[in-house]
Amino acid sequence: MFYKNARIYCDDFQFRMGAFEVSHGKFGLVLPENVPEDAIDLQGKTVIPGLVEVHSHGAVGADFSDGDYEGLKRMAAFYAQCGVTSFAPASMTLPYDVLGKAFATAKRLVEERPENCAVLRGIHMEGPYFAESRRGAQNIEYLKDPDFEGFKALNDACGGLVRIVDVAPELPGAVDFIQKAKEVCTVSVAHTDANYEEGKAAYDAGATHLTHTFNAMPGIHHRDPGVISAAAENENVRVEIIGDAFHVLPPVVRLSFALFGSERIVFVSDSGRCCGMPEGSRFTLGGQDAILQDGVGRLLNGTVACSAVNLYRCLLNALEMGIPEEDAVRAVTYNPACAISAQDVVGSITTGKQADFLIVSDDYTQKRVFIAGKEVA
């Protein structure tokens, strides 16, 4: 099947008018010279890759850490409706047995791959290797020093699905953990009070990601540059930005693109189960009571806990902030796919990749979602 007269976001991160082919669930020819007469005419609409979410804890009343398969499937269906075609759900700081149960549900979703659901392409293990001083909404009772054997056992049990594991670089054994874990998955710096030197040591050891940049870490100070400055200096490091326009305000989002460049920014929602729930809803996050208040998830003590938006909303926010369209789309598609080592399968409209794509209106307010070439019902 061919689609013509489309404004296509091509794999060189530029928009071009033309046609593309979908065959057996994958992209075939892109921008072919000759197009069949029966090609579907998109009348100039924009086509972008399916969005890739690498940091969402939950939505529509479900949380990945619940270890509830039906809840995870409900999350995946919700994501698909929102334009997220691939995802790596994020866990919380919890005991290993609780994490193991949640990871098992991820494995089952991969094996069963239900229709009209975003495809689970890995797990983001956020915690428990965090600094107490920067724990944020992570449960203090379950914090641990880096533990490679424990991490490896969890990853092995779910068939090697962990794609990102987080760690605070200043904790005992962190550098050794990073050196070992980098051979397994992406290692990310997170929930940390590390100074510049400790951050640089983590990146030199092989960490290549920074989780929800500016949140749960020191800011940039001109005499205490911290982990963000260390990340900026290492071209191998990608940085997450929570795109709800609350966790990171628009001027700082724009500053982040200037500092890191469009090739290193990964937009995430960092949503909790409150995403898709009404204002004032009570919910839990990592075993702690929380409330959706003024559009943001908070623990009952007022600590900001999570966002209540989906990744497509983050894309809209970025466009409203003045981020160039090409850069904003890249930050929700190709860059996150790279973060979970899925860039050879999804993340761009490229011959041979899975045909996950969105057909959107000029202002992005309307969309049609396709997974493996089939429109999501």
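Is it the case that some residue within the stretch 178-190 is touching a Cys at 6+ places or on another chain (Cβ under 8 Å), of a type in the set (Gly, Ala, Ser) and not in a helix (DSSP H, G or I)? Spell out the reasoning first.
Step one: list which residues in the stretch 178-190 are touching a Cys at 6+ places or on another chain (Cβ under 8 Å), which gives none.
No: zero hits.
Those residues that are outside any strand (DSSP E or B) and in contact (Cβ under 8 Å) with a residue 40 or more places away in the chain, I need them from the stretch 25-51; list them, please. Step through it out loud before you land on a result.
Initially, the stretch 25-51 is screened for residues outside any strand (DSSP E or B), giving 25, 31-39, 42-45, 50.
Of everything in the stretch 25-51, those that are outside any strand (DSSP E or B) and in contact (Cβ under 8 Å) with a residue 40 or more places away in the chain turn out to be 25, 42, 45, 50.
Just one of 161, 154, 210 is touching a Lys or Arg at 6+ places or on another chain (Cβ under 7 Å), surrounded by 18 or more Cβ atoms within 10 Å (Cβ to Cβ) and in contact (Cβ under 8 Å) with a residue 12 or more places away in the chain; which is it?
Details: 154 fails: touching a Lys or Arg at 6+ places or on another chain (Cβ under 7 Å); 210 fails: touching a Lys or Arg at 6+ places or on another chain (Cβ under 7 Å).
Answer to the check: 161.
If a residue must be surrounded by 17 or more Cβ atoms within 10 Å (Cβ to Cβ) and either closer than 15 Å to residue 21 by Cα or within 18 Å of the chain's Cα centre (by Cα) (or both), how many such residues does the stretch 351-368 contain?
Residues that pass the stated criteria total 7.
Considering only the stretch 164-177, state which residues are surrounded by fewer than 24 Cβ atoms within 10 Å (Cβ to Cβ) and either out of contact with any helix residue (DSSP H, G or I) (no Cβ under 6 Å at 6 or more places or on another chain) or part of a helix (DSSP H, G or I) (or both).
171, 172, 173, 175, 176
So, in the stretch 217-265, of the ones that are in contact with a His (Cβ under 9 Å, 6 or more places away or on another chain) and in contact (Cβ under 8 Å) with a residue 60 or more places away in the chain, which residue ends up surrounded by the most Cβ atoms within 10 Å (Cβ to Cβ)?
Among those residues, the one meeting the criterion is 240.
Just give me the residues in the stretch 1-19 being surrounded by 15 or more Cβ atoms within 10 Å (Cβ to Cβ) and either of a type in the set (S, T, N, Q) or closer than 15 Å to residue 360 by Cβ (or both), in sequence order.
If the condition is that a residue be surrounded by 15 or more Cβ atoms within 10 Å (Cβ to Cβ) and either of a type in the set (S, T, N, Q) or closer than 15 Å to residue 360 by Cβ (or both), then 3, 5, 6, 7, 8, 9, 15 are the ones that fit.
Being under 16 Å from residue 374 (Cα atoms), surrounded by fewer than 24 Cβ atoms within 10 Å (Cβ to Cβ) and among the small types (Gly, Ala, Ser) narrows it down to one residue among 25, 67, 44, 83; which is it?
Exactly one of 25, 67, 44, 83 is under 16 Å from residue 374 (Cα atoms), surrounded by fewer than 24 Cβ atoms within 10 Å (Cβ to Cβ) and among the small types (Gly, Ala, Ser), namely 25.
Each value in this text was obtained by applying a stated rule to the coordinates, not by laboratory testing. Keep in mind that this is a model prediction, so the values were computed, not measured. Note: ideal-geometry Cβ built from the backbone for every residue, glycine included; neighbour counts use all protein chains shown.
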